[in-house]
Amino acid sequence: MGKMDEQIIVVGRSDLFGVGDSSLVFQGTEQSDLSVATLKKRMSDHFLVMRRGDAEENPSYKQPIPYAVLKKGERYFTYKRLGGGGEKRLYGKLSIGVGGHMNEVKGEIDFQQVLARNLDREINEELIVQDAETADMKTIGLINDDTSEVGRVHIGVLVIIDLPNGARVDVREKDKLEGSWNTLDELRKPDVYNRMESWSGFAIDVLSHV
């Protein structure tokens, strides 16, 4: 089965944002506790499974994506997407977020648990994380960007994972990713920030306020 035949979780745009009421529609990062809780509740109530190839071409549906930023002290794990695989539209971009499409979890109907299981899988597929048993994870907002081809069919659940100082992180597939640790000041430098994929740019903009 090709990756476009993969069955992924989606939610109808109208089910997520509502019809005739634009109060929950946003571009960039949404951090209001009430709005985030409402949108996540709608994801939980209305999510369904769809063939990925169909979802990627249909902006009437949003694909919820857990998007985790790994932090250790004052530094954030940053990686560059290489040409060895993954999303071709993002090759060469820099990112501070780890995540991917969500699949149905057999026997699990709680959306938050489905999200957590998928995020754990994505992190372990892309990274090798060691000595991180005491890591603290929390959702700090949602990301939406309807101005780009990729963003139009996705919505991100922005998560911060605060790692203990002794934790070690490395990329698993070195032909696909190249990793490093950077401070917010380093990430905000124009020659770095301007190479960030859009979601990472949104995340960087709000991290100093978390």
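The values are calculated or read from the model by the stated rules, or taken from the named source; none is laboratory data. In this text, all values refer to a predicted model and were calculated from it rather than measured experimentally. All Cβ positions, even for glycine, are placed from backbone atoms using ideal geometry, and neighbour counts span all protein chains on display.
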Seminar exercise, completed: Flagged in segment 8-32 as assigned to a strand (DSSP E or B) and within 18 Å of SER60 (Cβ to Cβ), in numbering order, are ILE8, ILE9, VAL10, VAL11, GLY12
For this session: Check PRO66 against each of (1) more than 23 Å from ASN118 (Cα to Cα); (2) outside any loop (DSSP other than H, G, I, E, B) and name the one condition it does not meet.
Result: (1)
Seminar exercise, completed: Counting only residues that are outside any helix (DSSP H, G or I) and either loosely packed, with under 12 Cβ neighbours inside 10 Å or more than 15 Å from the chain's Cα centre (by Cα) (or both), segment 113-140 contains a total of 10
Exercise. Does GLU108 satisfy the criteria of being touching a residue at least 12 places away in the same chain (Cβ under 8 Å) and either under 24 Å from MET4 (Cα atoms) or touching an Asp or Glu at 6+ places or on another chain (Cβ under 6 Å) (or both)?
Worked result: no
Exercise. Would segment 95-112 turn up any residue that is touching a Gly at 6+ places or on another chain (Cβ under 9 Å), over 18 Å from GLU178 (Cβ atoms) and surrounded by fewer than 13 Cβ atoms within 10 Å (Cβ to Cβ)?
Worked result: no
For this session: Please work out which residue is surrounded by the fewest Cβ atoms within 10 Å (Cβ to Cβ), limiting yourself to segment 17-36 and to residues that are within 17 Å of the chain's Cα centre (by Cα) and hydrophobic (A, V, I, L, M, F, W, C).
Result: VAL36
Problem set entry | Of all residues making up segment 4-53, the number that are more than 13 Å from ASN144 (Cβ to Cβ) and in contact with a Lys or Arg (Cβ under 9 Å, 6 or more places away or on another chain) | 11
Problem set entry | Matching entry among ILE143, ILE155, ILE160 (being over 20 Å from PHE47 (Cα atoms) and either at pLDDT 95 or above or not in a loop (DSSP other than H, G, I, E, B) (or both)) | ILE160
Exercise. Of everything in segment 54-73 that's of a type in the set (Ser, Thr, Tyr) and surrounded by 14 or more Cβ atoms within 10 Å (Cβ to Cβ), which residue is nearest to the chain's Cα centre (by Cα)?
Worked result: TYR67
Exercise. At positive phi, modelled with pLDDT of 90 or more and out of contact with any Cys (no Cβ under 6 Å at 6 or more places or on another chain), is that true of GLY85?
Worked result: no
Seminar exercise, completed: ASN182 fails exactly one of (1) within 15 Å of the chain's Cα centre (by Cα); (2) buried (at least 17 other Cβ atoms within 10 Å of the Cβ), namely (1)
Exercise. Within the bounds of segment 40-53, is there any residue that is aliphatic (A, V, I, L, M), touching a strand residue (DSSP E or B) at 6+ places or on another chain (Cβ under 8 Å), closer than 26 Å to VAL192 by Cα and surrounded by 13 or more Cβ atoms within 10 Å (Cβ to Cβ)?
Worked result: no
Seminar exercise, completed: If we keep only residues of segment 197-210 that are more than 16 Å from ARG75 (Cβ to Cβ) and outside any helix (DSSP H, G or I), then the residue farthest from the chain's Cα centre (by Cα) is HIS209
